[in-house]
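Everything on this sheet refers to the single structure shown next.
The values are calculated or read from the model by the stated rules, or taken from the named source; none is laboratory data. Note that this is a predicted model, so its numbers are computed, not measured. We place every Cβ from the backbone using ideal geometry, glycine too, and count neighbours over all the protein chains shown. Surface areas here come from the heavy atoms of the whole protein model, side chains and all, with no ligands, DNA or RNA. Shrake-Rupley method; radii C 1.70, N 1.55, O 1.52, S 1.80 Å.
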Amino acid sequence: TTQFTEAITITGNDVKVTIRDMCFDGNQQNNIYGTTFNIIDFRAEGSATFALLVVYNCSFYNQVFSSIQVNTSINNTNTQYINIDNCRFYGGYLPSATPADSPRYINLLRPQITNITSCLFDVGQNSTYGISAIIADQTGGPYTEEVKVEICGNYFIQCGRGDSVPGSGGLGAIDFYQGTGAMRIIGNYFENCQLSAIRGKSDVKGINYIIS
């Protein structure tokens, strides 16, 4: 029942980490909402070689803001690889009609190459102001490297966030904008998503988008 900001924070250059076969509880019942409340926060940078985060066969419950956040520096010409496979994301903080409250299960801020495969995202209840599953963003450019994301074979249940105020900007179950480059969204299943299943927003680079 202890409050926390991150359960696991990973920093440094060329760090390579694998997290597997674990269960995480974000304890949102005993925490107030805040964007620093992430279960895993990966901030490692590629320098001489590359930084790597692999999360395999893990379960995440009761998050506050996000379960996995990747937040690397802008203008980084080196590489960060992110691989999230066979994981489960359940429940978590559900916002009220406050536009600023926008939790998401995976928050991608400026990683170069990301693969998300064979995962389950289940909000657990129908909520108009709900939880997005995956956000890919490059806020704070200019950018020397663009976000490249592959999202394949995942299951999304009741994910996404509707407009709490008309025009305030909802979020899809998968939402990408501001500097996102190549996107491959293939073979996913969406059930009862809020607002939209997939949504691209402002300043999308439009290099290569494959959605099927």
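When you scan the range 95-123, how many residues do you find that are more than 18 Å from Asn188 (Cα to Cα) and modelled with pLDDT of 80 or more?
Here is the first cut: in the range 95-123, the residues more than 18 Å from Asn188 (Cα to Cα) are 95-103, 107-113.
Those still in the list that are modelled with pLDDT of 80 or more too: 102-103, 107-109, 113.
Number of matching residues: 6.
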Subject >> Phe50 being modelled with pLDDT under 95, surrounded by 21 or more Cβ atoms within 10 Å (Cβ to Cβ) and not β-branched (Val, Ile, Thr) >> reply: no
Original post:
Do you know which of the residues in the range 7-63 that are in contact (Cβ under 8 Å) with a residue 40 or more places away in the chain and among the hydrophobic types (A, V, I, L, M, F, W, C) is farthest from Tyr90 (Cα to Cα)?
Top reply: Ile10
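Tally the residues that are in a loop (DSSP other than H, G, I, E, B) and either among the acidic types (Asp, Glu) or at pLDDT below 90 (or both), restricting the search to the range 132-157.
Summing the residues that are in a loop (DSSP other than H, G, I, E, B) and either among the acidic types (Asp, Glu) or at pLDDT below 90 (or both) in the range 132-157 gives 9.
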Original post:
So which residues in the range 14-35 are open to solvent by 50 Å² or more (accessible area, probe 1.4 Å), of a type in the set (S, T, N, Q) and at pLDDT 80 or above?
Top reply: Thr18, Gln29, Asn30
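For Phe65, state whether it is closer than 17 Å to Arg104 by Cα, at pLDDT 90 or above and open to solvent by less than 20 Å² (accessible area, probe 1.4 Å). Explain how you work it out, then say what you get.
On the way: closer than 17 Å to Arg104 by Cα: yes; at pLDDT 90 or above: no; open to solvent by less than 20 Å² (accessible area, probe 1.4 Å): yes.
Against the criterion (closer than 17 Å to Arg104 by Cα, at pLDDT 90 or above and open to solvent by less than 20 Å² (accessible area, probe 1.4 Å)), Phe65 does not qualify.
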**OP:** Search the range 68-86 for residues being in a loop (DSSP other than H, G, I, E, B) and touching a strand residue (DSSP E or B) at 6+ places or on another chain (Cβ under 8 Å), and hand back the single one that is modelled with the lowest pLDDT.
**Re:** Asn76
**OP:** Would you please list the contacts, defined by Cβ atoms under 7 Å and residues six or more apart or on different chains, that run from a residue in the range 138-159 that is under 16 Å from Tyr105 (Cβ atoms) and hydroxyl-bearing (Ser, Thr, Tyr) to a residue that is surrounded by fewer than 21 Cβ atoms within 10 Å (Cβ to Cβ) and at pLDDT 85 or above?
**Re:** Tyr155/Leu120; Tyr155/Tyr189
